[in-house]
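A.B. asks: Have a look at this one.
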Amino acid sequence: MPSFTRFGNELYTGARSYDIVGRSRVWYAVAATMIVLSLAILGFKGINPGIEFRGGSEFTLSNVANTSGDAAREVLAQQGITEAARITTVGSNSLRIQTTEMDAEQVATVRSALAEAYDIELTNVTSTFIGPTWGQDVTNKALQGLVIFLVLVSVVMAAYFRTWKMSAAAVTALIHDVIVTVGLYALVGFEVTPASVIGFLTILGYSLYDTVVVFDKVRENTARIFDQDRVTYAEAANLAVNQTLVRSINTSVVGVLPVASILFVGTILLGAGTLRDIALALFIGMIVSTYSSIFIATPLLVTLRTREDKVRNHTGRVLRNRAERAARGEGTSDLMAATVLGTTVIPGGHLGQAAQPKRRKRDQR
């Protein structure tokens, strides 16, 4: 633990630094590849919609001695139901059978046949009918909620950070998270249920929270960036990502571990159900969100900002100043550590207060 603490301190002070912003093209390529693969999975394999979305009849058998689905398939075949049923073991002594839509008479007949086939009381066999219209309504509401959320997030972030570019970078990261999470969810093959949709929408808030924390540090580091000529906007933003890196890792680990436990319990111990559906969406989404807040949101923000004339001119001035210092033999390694907010981050591993203004006066002499 002390070594990890020292690692975090070195990242915060600039004694150790990873060039995350400078390798933005690599992260963009990785993100683009993940999006293309996710869309390909959705296009060729598609999602596995639950009965709540496709409609149909569902039977739940409790206290069965044999959880094999063979007897259920035989019963359905005898009733003339040719479409393959989805039979899932729930826990250690229950079965869930999902079929196409049946009328009331068919439901009663199948219910009695299942009770006889599994040698259980009729009261242990429950039936539910869900129409496709209800599933379509759920889908529409989920999409409406997603669009409204993205619009509100864009407006609020643009007002909070006073720049649309931070808002655009954050929303782009959110869209990346949704597409990749849904694609990986489809690859696993779990059913998409209302619980899954809740999980997808929940990760948006998690991703946004992590991104806002990083952006807050970026804003702090670049608040007076144009008042000095030692550090570029990109270097100050990269320092911010490094300073929040340990916090992002800790938050992700703390969040993913309980979700992984829920996913294990829901999949292995309890079988299919709400726990498994929502836990898988959260598990994938939280990991993807952590990646996007570090490797997509901030590099994209820097890409957008460096196209501004003011930022581009400042970067040129910093690089010329650095080259002049190197020509005078003053060296440039210390200058790369970064000076932000009147505080010089020294490679030795500590923060020195406002040494920059004095150095500037000395240079002018």
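A.B. asks: Work out the FRET efficiency for ASN9 and THR60 from their Cβ-Cβ distance, taking R0 = 51 Å, and round it to the nearest 0.05.
C.D. replies: Working: r = 55 Å, r/R0 = 1.08.
After rounding, the FRET efficiency stands at 0.40.
A.B. asks: Averaging sequence separations of C-alpha pairs under 8 Å and six or more residues apart, then dividing by the length of region 105-205, give the relative contact order as a whole percent. Intermediate results must be reported in sequence, preceding the final value.
C.D. replies: On the way: 36 pairs, mean separation 17.2, N = 101.
Value for region 105-205: 17 percent.
A.B. asks: Using modelled amide H (1.01 Å from N, peptide plane; none on Pro or chain starts), what sits under 5 Å from the amide H of VAL90, excluding residues fewer than 5 places away?
C.D. replies: When sequence neighbours closer than 5 places are left aside, the close amide H contacts are LEU95, ARG96.
A.B. asks: Given LYS165/LYS310; LYS141/LYS217; LYS141/LYS165, which pairs have Cα atoms separated by over 25 Å?
C.D. replies: Among LYS165/LYS310; LYS141/LYS217; LYS141/LYS165, the Cα-Cα distance tops 25 Å for LYS141/LYS217; LYS141/LYS165.
A.B. asks: Next question. Please state the charge dipole magnitude for region 56-130, taken about the Cα centre, from unit charges on C-beta atoms (+1 on K and R, -1 on D and E), reported in debye and rounded to the nearest 20.
C.D. replies: Details: 4 positive and 10 negative charges, 47 e Å.
The dipole magnitude comes to about 220 debye.
A.B. asks: Over the Cα atoms of region 56-130, what is the Rg over Rh ratio if Rh follows Kirkwood?
C.D. replies: 0.91
A.B. asks: Modelling each spin label as a point 7 Å along the Cα-to-Cβ direction, I'd like the PHE264/PHE226 distance in nm, to one decimal.
C.D. replies: 5.3
A.B. asks: Could you tell me which of ILE225, GLN243, ALA186 has its Cα farthest along the dipole of region 151-263 towards the positive end, charges placed at Cβ (Lys, Arg +1; Asp, Glu -1), taken about the Cα centre?
C.D. replies: Looking along the dipole axis, the top candidate is ILE225.
A.B. asks: Just how large is the dipole of region 193-314 about the Cα centre, in debye to the nearest 20, putting +1 at every Lys and Arg Cβ and -1 at every Asp and Glu Cβ?
C.D. replies: So the magnitude is around 80 debye.
A.B. asks: I'd like the Karplus ³J(HN,Hα) series for region 171-178: coefficients 6.51, -1.76, 1.60, θ = phi - 60°, whole numbers in Hz, and an x wherever there's a Gly or Pro.
C.D. replies: 5, 4, 5, 5, 4, 4, 4, 5
A.B. asks: How big is the gap, in Å, between the Cα center of region 161-224 and the Cα center of region 55-99?
C.D. replies: 38
Quick note: the coordinates plus some simple rules give every number you see, no bench work behind them. Values in this document were obtained by computation on a predicted structure and should not be read as measured data. Note that each Cβ is placed from the backbone with ideal geometry, even for glycine, and that neighbours are counted across all protein chains shown.
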